[in-house]
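Report on the following structure.
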Amino acid sequence: MSKVLNIHGVNDVRLDPIEAPRPGKSDVVIRVKACGICGSDLSYIKIGGIHRRPDGVTPLGHEAAGEIVSVGEAVQGVSVGQRVVINPMMTPSYIGSGGPEGAFTEELLVRDARVGDSLLPIPADLPYEIAALTEPLAVALHGVNRAQVKPGDKVVVFGCGPIGLGMILWLLDRGISDVVALDLAPERLERARALGARAAFDPTKEDLRARLLELHGSARVFSREAVGTDAFIDAAGAPNILSDVVRMAKFQSRMVVTAAYMKPVMLDLGAMLTTEMTITTAVGYPSEMPEVVAALPRLREKAAPLISHRFPFSQMIEALDVAATPASAKVMIEFGP
């Protein structure tokens with residue numbers, strides 16, 4: 001009998017037995033080969049699940065790649081044995097985010113499956129674990145797209161977890177070489193340097209404004225000296241980031257918030273008024289996932305270091321503990337031999 005990872009309550013997550021799924025006429029079943037642990041998975045565990053009924057569970061897992069093993073009669077364009085990644089945002093129940101299915105399981109039912117939409121074919125020589133990076137890399141790409149950056153821009157990325165590291169990858173891939181990475185964990189800062197960030201440091205141990213003046217130069221906003229940074233991307237979610245950026249930002253600079261904030265934060269609109277800076281948000285990946293799949297064959301060597309740990313599915317609970325540590329990047333769950 002197969003198993004699936006379910007949230008039963010606050011900090012109560014278990015591998016439960018489950019019957020092998022059978023597809024309806026519009027569905028497919030995927031034998032999962034690799035699935036990454038997302039920060040949202042850890043958040044759902046802390047709050048006891050999402051859209052969970054009092055006596056129910058929340059199945060987890062949405063960063064999945066695998067092989068199609070069963071196809072409903074009405075599904076077109078796919079066949080048994082085809083290698084795919086799932087686009088959970090395009091599945092009817094948002095797989096792994098409150099629906100009846102989660103991808104931390106041996107065989108995953110994808111309802112109302114559509115090629116190019118909820119199912120994206122991957123090349124035969126692309127490793128499943130690299131393909132499973134498609135979803136977080138799509139989140140990162142959407143954040144970069146929202147920043148409207150171009151070669152020659154000077155960019156700061158707050159947070160060097162999997163999303164922040166993915167943003168650094170995309171920024172460099174677009175020819176934006178002046179990227180400063182910020183994080184509290186030395187291991188994550190080292191990964192940012194390895195990707196090619198111009199500088200990477202802990203802003204609690206160094207004067208952020210002074211370092212950015214040194215790295216990105218200065219600009220004037222009326223009588224105030226501002227840093228020369230063109231765009232800031234927040235993939236960390238620390239409550240001081242927004243106010244700190246507003247106080248140091250130059251005229252018509254940009255900031256994108258991709259981190260999830262659980263509480264309101266203060267914002268100095270007076271300081272922001274004189275800068276005419278733009279603050280926006282980025283969530284998910286409305287259109288980026290096919291672009292990531294197309295780019296992964298050429299970026300696979302650069303993307304591979306985003307995976308810091310690998311665990312078999314049988315050690316799923318242990319893997320969740322590791323994913324919650326600052327030293328981790330992407331923790332990948334592997335299925336089968």
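The values are calculated or read from the model by the stated rules, or taken from the named source; none is laboratory data. These numbers come from a predicted model, not from an experiment. Note that we place each Cβ from the backbone using ideal geometry, even for glycine, and neighbour counts take in every protein chain shown. These area figures cover heavy atoms from the full protein model, side chains too; ligands, DNA and RNA do not enter into them. Shrake-Rupley method; radii C 1.70, N 1.55, O 1.52, S 1.80 Å.
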I'm checking my understanding of the structure. Among residues of the range 168-184 that are part of a loop (DSSP other than H, G, I, E, B) and not acidic (Asp, Glu), which one is farthest from residue 150 (Cα to Cα)?
184
Enumeration of residues in the range 185-236 that are of a type in the set (D, E, K, R) and free of Cβ contacts under 8 Å to residues at least 40 places away in the same chain
190, 193, 198, 202, 205, 206, 207, 209, 211, 214, 220, 225
All but one of (1) over 23 Å from residue 192 (Cα atoms); (2) in contact with a Pro (Cβ under 9 Å, 6 or more places away or on another chain) hold for residue 306, so report the exception by its number.
(1)
Among (1) within 20 Å of residue 206 (Cα to Cα); (2) open to solvent by 10 Å² or more (accessible area, probe 1.4 Å); (3) not in a helix (DSSP H, G or I), residue 187 falls short only on (3)
Restricting to the range 190-208, name every residue that is part of a helix (DSSP H, G or I) and either surrounded by 15 or more Cβ atoms within 10 Å (Cβ to Cβ) or of a type in the set (Phe, Trp, Tyr) (or both).
191, 192, 193, 195, 208
Can you pull out the residues in the range 103-120 that are touching a helix residue (DSSP H, G or I) at 6+ places or on another chain (Cβ under 9 Å) and in contact (Cβ under 8 Å) with a residue 60 or more places away in the chain?
103, 104, 105, 106, 116, 119, 120
Residues that are among the hydrophobic types (A, V, I, L, M, F, W, C) and either more than 17 Å from residue 110 (Cα to Cα) or in a loop (DSSP other than H, G, I, E, B) (or both), drawn from the range 1-24:
1, 7, 10, 13, 15, 20
For the range 42-84, which residues satisfy the criterion of being closer than 13 Å to residue 11 by Cβ and charged (D, E, K, R)?
46
Residue that is most open to solvent (accessible area, probe 1.4 Å), among those in the range 133-162 that are within 26 Å of residue 213 (Cβ to Cβ) and assigned to a helix (DSSP H, G or I):
146
Which condition breaks for residue 48 when tested against (1) over 22 Å from the mean Cα position of the chain (by Cα); (2) of a type outside the set (A, V, I, L, M, F, W, C); (3) on the phi > 0 side of the Ramachandran plot?
(1)
Any chance residue 73 is of a type outside the set (Phe, Trp, Tyr) and either in contact with a helix residue (DSSP H, G or I) (Cβ under 7 Å, 6 or more places away or on another chain) or closer than 23 Å to residue 312 by Cα (or both):
no
Residues that are modelled with pLDDT of 95 or more and among the charged types (D, E, K, R), at least 2 per element: which strands (runs of 3 or more DSSP E) completely within the range 25-121 meet that?
28-36, 63-71
Any chance you could count how many residues in the range 292-317 are under 24 Å from residue 118 (Cα atoms), touching a helix residue (DSSP H, G or I) at 6+ places or on another chain (Cβ under 7 Å) and open to solvent by 60 Å² or more (accessible area, probe 1.4 Å)?
1
It is to be established whether one or more residues within the range 306-319 are closer than 24 Å to residue 149 by Cα and either within 18 Å of the chain's Cα centre (by Cα) or assigned to a helix (DSSP H, G or I) (or both).
yes
Reported set for the range 1-18 where residues are buried (at least 16 other Cβ atoms within 10 Å of the Cβ) and of a type in the set (D, E, K, R) is 3
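Conditions tested, residue by residue: (1) of a type in the set (Gly, Ala, Ser); (2) in contact with a Gly (Cβ under 9 Å, 6 or more places away or on another chain); (3) modelled with pLDDT of 95 or more.
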{"position": "186", "(1), (2), (3)": "no, no, yes"}
{"position": "197", "(1), (2), (3)": "yes, no, yes"}
{"position": "202", "(1), (2), (3)": "no, no, yes"}
{"position": "206", "(1), (2), (3)": "no, no, yes"}
{"position": "211", "(1), (2), (3)": "no, no, yes"}
{"position": "216", "(1), (2), (3)": "no, yes, yes"}
{"position": "222", "(1), (2), (3)": "no, no, no"}
{"position": "240", "(1), (2), (3)": "no, no, no"}
Residue count for the range 318-329, restricted to those that are open to solvent by 40 Å² or more (accessible area, probe 1.4 Å) and touching a residue at least 40 places away in the same chain (Cβ under 8 Å):
2
